[in-house]
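Read through the structure below, which is laid out as structure tokens, and then see the notes.
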Amino acid sequence: MPTKKSVTLVTLSLLVMAAQACGEPAAVVVEALMGKAAVLMIDGQRKMLEVGESFAGVTLIGTGATTATLEVDGRMETVELSRHVATTYQTLEEHVVTIARDSKLQYQTNAVINGRSALVLVDTGANVVAISSFQAKAMGVNYIEDGTPSRVETASGVTDAHSVTLQSVSVGGLRVDNVPATVVEGTYPATILLGMSYLRHVKIQEHDGILSLSKSQ
């Protein structure tokens, strides 16, 4: 795999009180840390900043393994890793997961499939979740006995496959049960494709290299 920014998929939160011209406090939520960059929600606007960049009076000074250092209207603040997972800027009924675009302009993240953790690639062009037989065996998916034989076309040509139903697929807590999937014989796809059989159950938004998935809980 090529080098890509590693996303810390833990939500951090901080309310920074800064003197604004309008007299209102600035609400800043640090959603993710990615090497020398961070995903911030500033007064309801999501922005990915690299170290040294500014937006709406907030400058990212530095990042650590579990901290982000911000300058807000001349005042320095270091955000410690929070143990609170729920975001503070969404209603209680909706849960949001953010994924940063990598160096290949792809959105990759971890998912829990049938209770097993695996790397997935968000693919809105795929009708269903697609898994190689190599990965399916490692994850305990019994596609031979439980699946229906089929054929699919890949970059290498037409290949044997099996249609199955996954018990559950969860990304950052956004769980969908009974998800249709295709298990392709061989090692393709190298990364599990998170297709529309899962994605149609969540709300998808993309802005400035950040993909947001949300679902009412």
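Counting only strands (runs of 3 or more DSSP E) that sit completely within the range 125-206, those holding 2 or more residues that are touching an Asp or Glu at 6+ places or on another chain (Cβ under 9 Å) and either within 20 Å of Gln106 (Cβ to Cβ) or among the polar types (S, T, N, Q) (or both) correspond to 129-132, 157-171, 192-194. Look at (1) crowded, with 17+ Cβ neighbours inside 10 Å; (2) farther than 29 Å from Ser103 by Cα and you find that Val202 fails only one, number (2).
Determine whether Thr69 is more than 23 Å from Val96 (Cα to Cα) and either among the hydroxyl-bearing types (Ser, Thr, Tyr) or at pLDDT below 75 (or both). Let's see the steps before the verdict.
Values: more than 23 Å from Val96 (Cα to Cα): yes; either among the hydroxyl-bearing types (Ser, Thr, Tyr) or at pLDDT below 75 (or both): yes.
Spelling it out, Thr69 is indeed more than 23 Å from Val96 (Cα to Cα) and either among the hydroxyl-bearing types (Ser, Thr, Tyr) or at pLDDT below 75 (or both).
Of the residues examined, Ser170 is one that is of a type in the set (S, T, N, Q) and closer than 16 Å to Ile204 by Cα.
Considering Asn110, Asn127, Asn114, which residue is within 17 Å of the chain's Cα centre (by Cα), closer than 30 Å to Asp177 by Cα, at pLDDT 85 or above and not β-branched (Val, Ile, Thr)?
Working: Asn127 fails: within 17 Å of the chain's Cα centre (by Cα); Asn114 fails: within 17 Å of the chain's Cα centre (by Cα).
Among Asn110, Asn127, Asn114, only Asn110 is within 17 Å of the chain's Cα centre (by Cα), closer than 30 Å to Asp177 by Cα, at pLDDT 85 or above and not β-branched (Val, Ile, Thr).
Across the range 175-192, a minimum of one residue is classified as under 30 Å from Glu50 (Cα atoms) and under 17 Å from the mean Cα position of the chain (by Cα).
Results for (1) surrounded by fewer than 17 Cβ atoms within 10 Å (Cβ to Cβ); (2) in the same structural domain as Met41 (by TED's automatic domain parsing); (3) of a type in the set (Lys, Arg), shown as yes or no for each residue.
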site: Arg116; (1), (2), (3): yes, no, yes
site: Asn127; (1), (2), (3): yes, no, no
site: Gln135; (1), (2), (3): no, no, no
site: Gly140; (1), (2), (3): yes, no, no
site: Glu153; (1), (2), (3): yes, no, no
site: Ser197; (1), (2), (3): no, no, no
site: His207; (1), (2), (3): yes, no, no
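Of all the numbered requirements in (1) surrounded by 16 or more Cβ atoms within 10 Å (Cβ to Cβ); (2) modelled with pLDDT of 95 or more, Gly172 misses one, and that requirement is (2).
The values are calculated or read from the model by the stated rules, or taken from the named source; none is laboratory data. As the structure is a computational prediction, the values presented were derived from the model and not from experiment. Virtual Cβ from ideal backbone geometry, glycine too; neighbours counted across all protein chains shown.
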